[in-house]
Structures are given as structure tokens and as C-alpha cells.
Amino acid sequence: MKQPVYLDNAATTALDPEVLESMLPYMTQHFGNPSSSYSLGRVTKSAIEAARKTVAQILSVKPSTLIFTSGGTEGNNMAIAMAVNELGCKHIITSPIEHHAVLHTVEHYAHSKNLTFSYVKLTATGEVDYENLEAQLVNQSKQGKKCLVSLMHANNELGSLLDIALAGKLCRENNALFHADCVQTIGHYPIDLKACGVHFATAAGHKFHGPKGTGLLYVSDEVKAYPLIFGGGQERKLRAGTENVYGIVGFAKALELATAGYDSDSKYITELNHFMRTQLKLAVPGVSFNNPANSLYTVLSVCFPVDSQSDYLVTLFDMKGICVSGGSACSSGDGGSHVMKAIGKAKSCATLRFSFSKHTTREEIVEAVEVAASIFQNKEISIA
């Protein structure tokens, strides 16, 4: 059976063989509990700390500022919980196009802690209006409210990028804490978290060919960190529970490989992105694109003409052996993309997200474009 063409790498990526190879010893012979004092435990504890040092060096931070987690959702929850429960934040500024791991968490604390929150204004392509962000920060500061700003570095559907250094500067000038959801960018860009001025940042290993169920929360040493999960002394008493040793080792190896290959991989993927954009323009009349001019190179958000097939596009592509997404994989089946609704494009076009990796080939792009052409030129195609 022919393997499907996989063009949903923003949802997850294939595990790199070198990453798997680095993990295997900790699935087999090095199986000790890292909290044990004997040799088998010391070996796995050393592997965790070696991984932490590797990641810290890549992100230009101290190893002590990094907490290994189960992924971006847990890290986002931890950061917001710390800011609200322990660090005195009474107002949260976020955006309507954040991942639900942020939006739903903010809504939860707004109700349970009686705090306020607001959305920063966005451009038509989902970029932050920095003048509005600054005005909101100044207003909250005048009211004497400690503020948390929680914004994603790159939107997972549109690819719109945040000027993370500028956002960090504005937050510091107004005594606000800054949480950056970097799930789509750590592993895809060289990032100096210290220089960016973030207080919290999150990452997920499966976005850059690492294992699923692995992630990272950075907590600046300028703020005191507090746990969300209690019960043991793991991760400097900040995340109880036996560590996912082989996952942590795989996360570090994947980030190391992604960093080493950034120049060639980003160039290659960018060229694929531009190639697909060009070919779709030729193949599908009326097609347009939702990405800003400066956007995440791994993502192409395509606006197809609305017709009777619009609600079934993901299925139609799947029937032809092409794996694509209608939006975030984490929100599939919940009534459409909240991102497209927020920028006013939910009804004006049928949006699909194509996302690429270093394993994507030009031939696969051609095949996907041919499928798109067949769908939009043959109105008799249906899911029946």
C-alpha cells in the first residue's frame, strides 16, 4: 500500500532515526529510576542533566531555568498558573488566535480567580498591533495591576510571527511578565531566550522530529518558579513524577540536530513552500493565501474558493492520499478554526494548512497540487 503524502508537519513530525537511536539505550539497558541512589538510577539521572545542559546551551540560558514537561500544553498551563497563582498577575493580555492551551487556561483563571483579560488587536493577517499592546500595558500599569502577556511566537495556522524581542521590551518597560508560546519556533529558528526578554517560554519535541509527549518550560531566573504538579522532588521540586528519561534524551538530541541543520533545512523548506504557492496559483483558479509576508517558513495557509465541497476538503484530500489540516490538529472537529474566525476569514474561503519538514519532497508537493486541481476542477468528486 502506498504511503500517504504527509503535509501536516505543524501538527507533528516523524521521529528522526538518529533521535530514536539516542533513545533506545534508555528504553532497554539504562532503565533505572533517576531518583534511585544506585548506579542504574545515577546513569539515567546523568542522562537527564546532560540533556538539560545541551538544550540550555542551544537556547542560551542556564540549565537551572529549564523544566522538562510532557509538551507545549503542560508548559503553557504551568507558566500561566505560576503568573496567576504565585506571582501576583491580575490581568492577562493575550490574542484571540492563541492555541487553546493558552486561551482555555486564561478563560479558566478569569472565572476561577476573578481576574481580567483582554485581547491585543491584530492585523488582517494575524500579526500583533504593537501600539495597541503598549497602550494596554500602560493602561494596566496605571491601574496598578500586575500583568501577564501570553502570545505565541508563531501562529500554528497562519504562520504569523511575533517580534518577540519587541514584545519583551514593552513588557519590561511596563513591569509585566511575558510568556511566549514557542512551540512552532523552537527547533525551527535559532532562539536566544535570554536576549528575547521572555520570563516564560514553551516548546514541544514532536514539532522538530523529537518524540511525542516531551516538552520544555523555560522560567527566567528573574522570577521564582512554582510547581503545578505536586508529589515528589523531581525537576528541582517543580514537576513531580518519574521523569520520561528516554523522551528527554530524545528531545535534546532532536533539538541538537535541528540546530545543526537549520541553515540547509530552512532554505530547503522555504523553497518548497514557495514552490507549492506558485503551483497552486497555476492549478486552482481563485486561490489565495492567508500567511503574512514575513511568516513561519514551515506553514502555508491556503484559501480555496468556497463551494459545496468546502466542508469536506480535508476528507477529499485524504481520500486521494494527501494528509493536510483544516487548522490546529488539537481543535479538529470543534466547529471550525477559531483563528480564521478571529481574522474574519471563516466564511470567505475554505482554508487548508499545508506544513512541511526536511523530509517533504518536491514530488509530494506536485502530487498534492494535482489533487487540489482535480478537486476544484471536477465538481462531481464527493465523499459518498
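The values are calculated or read from the model by the stated rules, or taken from the named source; none is laboratory data. Nothing here was measured: the structure is a model prediction, and the numbers come from that model. When we count neighbours, we look across all protein chains shown, and the Cβ atoms used for this are built from the backbone with ideal geometry, even at glycine.
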Of all residues in the stretch 272-297 being part of a helix (DSSP H, G or I) and polar (S, T, N, Q), the one that is surrounded by the fewest Cβ atoms within 10 Å (Cβ to Cβ): Thr278
Hits in the stretch 237-281 (condition: free of Cβ contacts under 8 Å to residues at least 60 places away in the same chain and either in contact with a strand residue (DSSP E or B) (Cβ under 9 Å, 6 or more places away or on another chain) or farther than 22 Å from Lys45 by Cα (or both)): Ala260, Asp263, Ser264, Lys267, Thr270, Glu271, His274, Arg277, Thr278, Lys281
Kindly indicate whether any position in the stretch 229-241 is at pLDDT 95 or above, more than 24 Å from Arg52 (Cβ to Cβ) and within 22 Å of the chain's Cα centre (by Cα). no
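Specify the residue that is nearest to Leu170 (Cα to Cα); the eligible residues are those in the stretch 51-70 that are hydroxyl-bearing (Ser, Thr, Tyr) and part of a helix (DSSP H, G or I).
Step one: filter the stretch 51-70 for residues hydroxyl-bearing (Ser, Thr, Tyr), giving 54, 60, 64-65, 69-70.
From what is left, the residues that are part of a helix (DSSP H, G or I) are 54, 64-65.
Numbers: Thr54: 30, Ser64: 26, Thr65: 22 Å.
So, considering only residues that are hydroxyl-bearing (Ser, Thr, Tyr) and part of a helix (DSSP H, G or I), the one nearest to Leu170 (Cα to Cα) is Thr65.
Tell me which residues, restricted to the stretch 298-312, are buried (at least 22 other Cβ atoms within 10 Å of the Cβ) and over 12 Å from Lys345 (Cα atoms). Give the steps one after another, and end with the answer.
Initial filter on the stretch 298-312 (buried (at least 22 other Cβ atoms within 10 Å of the Cβ)): 298-302.
Scanning the stretch 298-312 gives Thr298, Val299, Leu300.
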Residue in the stretch 134-143 that is modelled with pLDDT of 95 or more and touching a Gly at 6+ places or on another chain (Cβ under 6 Å) present: no
Taking the stated definitions as given, is Asn291 within 21 Å of the chain's Cα centre (by Cα) and under 30 Å from Phe376 (Cβ atoms)? yes
Conditions first: (1) under 26 Å from Ala124 (Cα atoms); (2) part of a helix (DSSP H, G or I). Gln184 passes all but one, so which condition is the exception? (2)
Top-ranked residue of the stretch 152-186 - restricted to ones that are charged (D, E, K, R) and surrounded by fewer than 21 Cβ atoms within 10 Å (Cβ to Cβ), ranked as farthest from Leu300 (Cα to Cα): Glu173
